[in-house]
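Beneath this line is the structure, given in structure tokens, with notes to follow.
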Amino acid sequence: MRVLVTGGTGFIGSHLVDSLVSKGHEVRVLLRKTSNTKYLENLDVERVYGDVRDRSSLKSAVDNVDVVYHLGAIFNYWAPRDLIFDINVNGTKNVLDACLNANIERFVHCSTIGVMGQTGTTPADEKKPYNPDGSAYAQSKCEAEKLVLKYYTEQKLPVTVIRPAVVYGPRCFYGMYDGIIAAAKGKVNAILGSGDNYVSLVHVSDVVQGLELAAKKEKTAGEIYIVTDGKFLNLNELFIIMAKILDINPPDKHIPVWMAKSMAFLSEMKARLTGGSPDFTRNSIDFMTTNHIYDISKAKQELGYEPKIDLEEGLKQTIDFYRENGYIG
Ligand SMILES: NC(=O)c1ccc[n+]([C@@H]2O[C@H](COP(=O)([O-])OP(=O)(O)OC[C@H]3O[C@@H](n4cnc5c(N)ncnc54)[C@H](OP(=O)(O)O)[C@@H]3O)[C@@H](O)[C@H]2O)c1
């Protein structure tokens with residue numbers, strides 16, 4: 001199969017590219033002149049230079065491919081809202097438009113559970129109405145997903161949406177990364193809030209599995225699939241597992257959410273004044289202290305998705321990667 005991967009230089013995309021190449025697919029990657037190509041260096045992939053905001057660069061990118069995996073996006077809670085929407089929404093529209101004239105068999109869109117917002121304490125499924133949190137990132141991903149599905153209903157473009165939970169694994173340098181590195185350096189003295197809230201994670205290789213299955217299964221056009229590791233655990237339990245692997249004591253104190261948010265507010269203010277990035281934002285505190293629990297029955301039944309890496313194994317592998325690459329002493 002001939003495939004295009006947007007975002008193929010990123011965390012999830014580079015794992016997807018590895019997997020597709022290893023299966024013998026002809027892989028083309030859309031990348032920018034500024035992209036870090038470290039993970040593409042030894043791979044037999046075609047490089048097409050462009051940008052999802054530059055419509056003229058996308059024609060040749062989608063030319064003569066069977067499947068487009070669209071992962072290119074800005075995943076940042078602090079970048080300017082306009083930039084986030086330009087890349088995540090307008091950029092997605094540009095890739096979709098290019099595909100309309102390219103006779104592709106499938107457009108696989110990498111969305112996020114963030115489009116649904118926080119859940120209750122029972123697992124939410126794909127029918128949960130859109131309710132992204134206040135971040136421009138979640139809102140832009142929500143708009144992008146709606147747009148993708150509109151191209152299915154209005155233009156008959158065969159799209160499938162995958163909504164991963166929080167993704168972790170080797171090559172991940174945000175999200176779980178910050179928590180793992182801080183814990184390894186003994187800087188996590190307390191858990192945010194009560195820690196009783198559900199967190200939802202998925203190892204990157206299982207996200208790749210979901211994305212690839214979405215392209216393979218014929219009857220999945222127009223459908224949305226949530227992919228997680230299928231486990232239900234809370235923030236306290238996550239820290240206990242992480243501490244065990246890092247061979248440290250799990251934090252036994254808790255910071256009230258209001259206090260964490262006040263600290264985040266100050267961190268945001270400082271970032272505004274200095275032009276830097278905050279250590280954490282109020283939106284990220286919201287995400288970490290509210291319930292996120294999902295039902296993956298639909299992906300299992302219709303895609304044949306089966307999470308293969310459990311948290312303990314996946315975290316160990318991830319921590320080994322950080323150790324081998326000098327991020328943890
Ligand atoms: N990581 C998670 O926990 C998570 C969870 C759910 C969903 N997702 C979704 O998964 C996808 C991949 O995320 P990731 O975690 O792999 O992020 P990432 O490591 O930041 O990768 C983002 C990729 O998008 C590319 N990109 C950014 N702006 C672009 C532009 N204007 N034109 C073309 N390409 C552009 C980047 O290219 P450069 O190398 O040039 O920067 C990079 O290859 C995103 O759609 C994200 O929303 C991620």
Check your understanding: In what sequence do Trp258, Trp78 fall when counting other Cβ within 10 Å, fewest first?
Key -> Trp258, Trp78
Check your understanding: Over all Cα pairs of the stretch 221-329, how is the pair count split among 5 Å bins, expressed in % and running from 0 up to the last occupied bin?
Key -> 2, 10, 12, 14, 16, 18, 14, 8, 4, 1, 0
**Study point:** Fewest-first ranking of Tyr225, Tyr322, Tyr69, using other Cβ atoms within 10 Å as the exposure measure
**Key:** Tyr322, Tyr225, Tyr69
Exercise for review: With a bin width of 20 angstrom, please list the P(r) values of the chain as percents of all Cα-Cα pairs, from the 0 bin to the one holding the largest distance.
Suggested key: 31, 60, 9
**Study point:** Modelled label reach - Thr122, point 7 Å along Cα→Cβ, the stretch 195-218 residues with backbone N closer than 18 Å
**Key:** 198
Exercise for review: Calculate, in nm to one decimal, what Tyr327 and Lys253 gain on full extension: separation in residues at 0.36 nm each, minus their alpha carbon distance.
Suggested key: 24.1 nm
Study note, to complete from the structure: Note: Ala182 to Lys244 extended length (0.36 nm per residue) minus current alpha-carbon separation gives 20.8 nm
Study note, to complete from the structure: Partner lysines whose C-alpha sits under 23 Å from that of Lys185, ignoring same-chain residues fewer than 8 away, are Lys244, Lys253, Lys261, Lys316
Exercise for review: Would you mind ranking His203, His292 by Cβ crowding within 10 Å, fewest neighbours first?
Suggested key: His292, His203
Exercise for review: Could you pull out every residue, at least 5 positions away or on a different chain, whose amide H is within less than 5 Å of the one on Ile226? Hs are placed 1.01 Å off N in the peptide plane, and Pro or chain starts have none.
Suggested key: Arg163, Ala299
Practice item. Determine ³J(HN,Hα), in whole Hz, for all residues of the stretch 271-282 in sequence, where each value follows from phi through the Karplus function 6.51 cos²θ - 1.76 cosθ + 1.60 and θ = phi - 60°; x replaces Gly and Pro. Key: 4, 5, 6, 9, x, x, 10, x, 5, 7, 10, 5
Check your understanding: Which residues' amide hydrogens lie under 5 Å from the amide hydrogen of Thr160, considering only partners 5 or more residues apart or on another chain, with H built in the peptide plane?
Key -> Phe107, Val108, His109, Gly222
**Study point:** Under-5 Å amide H pairs with Ile255, H placed in peptide plane, nonlocal only
**Key:** Ile191, Leu192, Gly193
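None of the figures in this text is laboratory data; all of them are computed from the coordinates on show. In this text, all values refer to a predicted model and were calculated from it rather than measured experimentally. Neighbour counts run over all protein chains shown; Cβ positions are idealised from the backbone, glycine included.
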